[in-house]
Each structure stands twice: as C-alpha cells, then as structure tokens.
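In what follows, a single structure is set out as structure tokens and then discussed.
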Amino acid sequence: MPPSSAASLWINAKLATCDPGQPAAYGALHQHALLVRDGRIAAVLPQAEVDPAAFDGAVHDAGGRWITPGFIDCHTHLIYGGSRAAEWEKRLAGVPYQQIAAEGGGILSTVRATRWLDEEELAVKSLPRLKALMAEGVTTVEIKSGYGLTLEDELKQLSAARRLGESLPVEVAATLLAAHAVPPEYAGDADGYVAHVADNIIPVAARAGLAEAVDVFCEGLGFTPAQTRRVFEAARAHGLKIKGHVEQLSNLGGAQLVAEFGGLSADHVEYLDAAGVDALERAGAAAVLLPGAFYFLREMQKPPVEKLRAAGVAMAVATDFNPGTSPFASLRLAMNQACVLFGLTPEEALLGVTRHAAQALGRSASHGRLAAGCVADFLVWDIEHPAELAYSVGVPQLKQRVFRGAAQALD
Ligand code: DI6
Ligand code: FE
C-alpha cells in the first residue's frame, strides 16, 4: 500500500514513544503532537509549539488519548491449511507433543493440509488471521513459511504472505523456515533435506526476493546445530538475515549459533543458559519471547528473563501464531502472558511489541518508536494508562489505527 503523501497533524495526545531518548517510563510525553508527512513521522512536538489553525493539512485531535507506535508481531506462522484441534484433544488426554510429532502428526499434518491448497486458497484462508492481529493494532507482521517443505510449496507460502501484505494496510516481513521439519520425502535423511534447503530452496527464494530472512527449528525434534549451521551459511551467502527457533524444549546452543552468524534474534529461548545470554548480548541480537506456545504446551521451564534484563538483551514478545503450539491471533494476549507467566513488566511487554520487535526484524531505525524519521504507523487508544495494553485482552480499546500516515477503518 503506498504511503499517504498528505501532511497531517495529530494533536492533543499523550505519547508512549517507546523511544530510548525519552527518559520517562514508556518514553512518555504528555501534551504532545505528531507531525506526519509522506508516511513518516516528520516531528514530535510539544503541543504548545503547534498552531493547528495555521496548519495546511488534516488535523486530528486525539482528545488527550494515548498514542503508541504500531504493534509489531515479529514471529508468526499464520499461513497454513487445516486444523490441529483434534490433535489438541489428544494432547489434553495425555499424549505428549513429541509423540504426536513422531507419529506423523504435529507439523507434518499441517504440511499435508498446506500442500493441498494453492497460493490463492492459502491467502484467502489466512486473511482473517492477519486481520484479527491488525484489529488489535498490528501494523507490521513477520510471517514464516515452513509448512510446505518442498521448493514449490515453500515459495507458495511466501507468495501468499506477500499477497496478504499487498492487499492490506500492513507491512509483511517474510521469513523462509524450510528447515522446520524433515518432510516425508526425506524421512530418515535430515542431512539430505538440509542440503536441499541450503543448495536449492534458499538460493531460489533469495533470487525471487520472496524472503528477507531465514529461520531454523534447532531442536531435538527439529535440526541439529550442525544442520542449522549449514542452513545459516547458505542464508549468509545469499544475503538473507538470520533468525533461529532455539532452546525451546532443550538447550542445544542454538543461541550461540545465531550470535555467531550475526543473526537478528533467538526465539523461544526457554532453555537459554548464561552462556547463551552472553552470546546474544555480545552480538546485539534480540531474544523473542513466545509465551503463547509455553502456555499451550504447558511448559514449565521459563526463559531467563532476569538474566536477559540484567545483560540488556532486547526482549521482544510475539504470538508465534501457529496451529500446533500457539493458535492465538492476539498480540495483547501474548503481552499479558509475557507479564503473568514470564515476569515482564507491562512496560517491557509494550517495548516487546514495538521497539524490541522492530530490532528482531532488523527495523530499529524505522519502526517501533514515535520519533522523527520513523514510519507513521501508530495507534490511538481509549486507555487511562499504557499498562492497560498488557493488562486486558479482548477489550476493544483501539480507537484509531494509522498506517503510513493514513487513518484506517477498524473492522
Ligand atoms: N516451534 C513451535 O512452537 C512451532 N514451530 C516451531 O518450530 C510449532 C509449529 C507446529 O507445531 O505446527
Ligand atoms: Fe515459531
């Protein structure tokens, strides 16, 4: 969607800027205004310094409401076919996820259902999921492939993601997660599949411009550190950014690999140890916390939030929206869970879906803050205090969603 070229002024607002240059909690600025031009924030101004009557453009009165940056869901798998509700019923009856996966359920059942759909069907089926995220304030969303696991089907998923981004006022960051599971065609030959991912799928996806990053499920029931390294080497060789599903169910040192390759983020990280925290800190990589999967799988091991906080590692928060382990199209739910289950403060939860999520997507300079030069993606809220954003779920408090300077209808 092209940016609005008109200038506009948003006056009479309380800004939760989420900008580190603003020392107050939430980066708050009271009685301020936002000047927007060409889809970007041109200036953040004290209300006393603006003269709306003299402004040559649209003036929007926020009526003293809070404005935050647009929300960024930096880790989702929202394009897929089928449903895993029946599998969930089994799990509730006591069958572990690992066993379901080993029996051909789990990720591979979604792979079968996803292969069955063409690009348009996939986009149509996934559209309401993305709209649900947007209705809560998401303006940038990362979408992973990983339910195709053939060259053709991975590209199909990435193309469906691109199609959604083109049809809605939202920015889509597409990530190739071909190394999500070993497909049936390569059963018993994970190394053979990894070679196919590294030598064929990554080069073609990169040349087609369909993905900006590569992710790997580095885990006992996913790929080994050596296999992960092979995929990361191919990603680097083709100029793609690097992310990792690491230390979710065990510690394999995946975070150190992400750090070694200069990756953007290590995601899940429940089993991250002190050495992993240290590696992320030194590499300037973000930790992406995904409490939805922790909750849904009834995991017990929490990510080392205090260590991450002490080390100054940016903690992002995302939905991990996927049919197997986090079927939740709500970033506010993830914010709430991050506070209740993992011990984040409400301010950290808000930073987790704004500035720190922007960092996890390599968009620190342009996204996730209310500051001059950033994209004019922001949200006007009917709330009394920014802590409310992590406090309640399902309460319709979003008054206005602005994408690239243009106010959007909320539906
Ligand atoms: N970790 C997860 O939680 C999801 N993928 C991953 O690598 C699970 C995806 C699924 O079960 O479909
Ligand atoms: Fe995930």
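The values are calculated or read from the model by the stated rules, or taken from the named source; none is laboratory data. Not measured: the values here are computed from a predicted model. Cβ atoms come from the backbone with ideal geometry, glycine included; neighbour counts cover every protein chain shown. We work out accessible area using only protein heavy atoms, side chains counted, and drop any ligands, DNA or RNA first. Shrake-Rupley method; radii C 1.70, N 1.55, O 1.52, S 1.80 Å.
So the values come out like this:
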quantity: Unit charges at the beta carbon, dipole of the chain: most positive-side option, ALA371, MET300, VAL50; calculated: VAL50
quantity: Cα point-scatterer Debye curve for segment 97-152, base-10 log of I(q)/I(0) at q = 0.16, 0.23, 0.31 Å⁻¹; calculated: -0.64, -0.97, -1.17
quantity: Compactness relative to 2.2 N^0.38 Å, alpha carbon Rg of the chain; calculated: 0.96
quantity: Inter-site label distance for ALA311 and LEU45 at 7 Å from Cα along Cβ, in nm; calculated: 4.4
quantity: Pair ARG207, LYS302: separation of 7 Å Cα→Cβ label points (nm); calculated: 4.9
quantity: Accessible-area composition of segment 308-374, carbon plus sulfur, in percent [1.4 Å probe]; calculated: 58
quantity: Relative contact order for the chain, counting Cα pairs under 8 Å that sit 6 or more residues apart, in percent; calculated: 19
quantity: Per residue accessible area of the chain, 1.4 Å probe, in Å²; calculated: 37
quantity: Area accessible to solvent at VAL340, 1.4 Å probe radius, in Å²; calculated: 100
quantity: For segment 232-275, alpha-carbon Rg over 2.2 N^0.38 Å; calculated: 1.13
quantity: Cα gyration tensor category, rounded, prolate or oblate, for segment 71-211 with a/c compared to 1.5; calculated: oblate
quantity: Shape of segment 62-101, Cα gyration tensor, a/c cut at 1.5; calculated: prolate
quantity: Shape category assigned to segment 326-411 from the gyration tensor of Cα positions, a/c cut at 1.5; calculated: oblate
quantity: Unit charges on C-beta of K, R, D, E only; dipole of segment 281-409, Debye; calculated: 280
quantity: For segment 144-259, fraction of C-alpha pairs farther apart than 23 Å, in %; calculated: 24
quantity: Label-to-label distance, nm, for residues given as SER250 and ALA85 (7 Å Cα→Cβ offset); calculated: 3.4
quantity: Check: segment 1-157 dipole with +1 on Lys, Arg Cβ and -1 on Asp, Glu Cβ, in debye; calculated: 420
quantity: Dipole of segment 263-411, positive direction: furthest Cα of TYR391, GLY405, THR319, with charges on the beta-carbon; calculated: GLY405
quantity: Rounded to the nearest 20 debye, dipole of the chain from Cβ charges on Lys, Arg, Asp, Glu; calculated: 240
quantity: MRE, 222 nm, helices only [DSSP H, n ≥ 4, -39500 (n - 2.57), over the chain, to nearest 500]; calculated: -10000 deg cm²/dmol
quantity: In Hz, Karplus ³J(HN,Hα) per residue of segment 276-287 (6.51, -1.76, 1.60; θ = phi - 60°; x = Gly, Pro); calculated: x, 4, 4, 5, 5, 4, 5, 8, x, 8, 8, 9
quantity: Value of relative contact order over segment 53-155, rounded to a whole percent, pairs C-alpha under 8 Å and six or more apart; calculated: 44
quantity: Partners for LYS241 among lysines (Cα-Cα distance below 24 Å; same-chain residues under 8 apart left out); calculated: LYS144, LYS156
quantity: Positive-end extreme of charge dipole, the chain - chosen from GLY253, THR140, TRP116 (charges on Cβ); calculated: THR140
quantity: Theoretical gain in end-to-end length, ALA409 to GLU260 [0.36 nm per residue, Cα-Cα removed]; calculated: 49.3 nm
quantity: Those residues of segment 320-355 whose amide nitrogen sits under 11 Å from the label point placed on ALA25, 7 Å along Cα→Cβ; calculated: 345-348
